[in-house]
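Trainee: Have a look at this one before I ask anything.
Values in this text are rule-based calculations from the coordinates and carry no lab data. What you see is a predicted model, and the numbers here were worked out from it, not measured in a lab. All Cβ positions, even for glycine, are placed from backbone atoms using ideal geometry, and neighbour counts span all protein chains on display.
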Amino acid sequence: MLSWLPGFAPGATINVGYAHHDARFVDFTFVTPDSQQHDVSGNRLELVPQHMVNARVSYASRIGVGVSWPCATRASARSTGATRSSPTPTASGMSVFRGTASRGW
């Protein structure tokens, strides 16, 4: 995560983060409902995005009240499993945090 404290806005913080996931089955087999053994070793885990990016703006005043503005998150397309051919679409979202008390700056 990268954080920036802009000099023109004392008490403000801008955070940006990135994550890369290469989540794969190491050694995994299972039996399907029709009694077939299926080996998915080495395949990516289902619905796990490979890339995730997030950003947030926070402000802490001198009197000790802090506010965090929405956290924006974006995730890359996710694999839907070894037996399915098409990935799920890219996902975006926002989370809202309410104000929190802090010691100020």
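Trainee: Would you point out the residue of the range 1-48, among those that are loosely packed, with under 12 Cβ neighbours inside 10 Å and of a type in the set (Val, Ile, Thr), that is nearest to Ser68 (Cα to Cα)?
Mentor: Looking at the filtered set, the residue picked out is Val26.
Trainee: Under 7 Å between Cβ atoms, which residue pairs at least 6 apart in sequence (or on different chains) link something in the range 30-44 that is in contact (Cβ under 8 Å) with a residue 24 or more places away in the chain with a partner that is part of a loop (DSSP other than H, G, I, E, B) and surrounded by 10 or more Cβ atoms within 10 Å (Cβ to Cβ)?
Mentor: Short answer, once both residue conditions are applied: Val40/Phe25; Val40/Phe28; Val40/Ala82; Asn43/Phe25; Asn43/Ala82; Arg44/Ala23; Arg44/Ser79.
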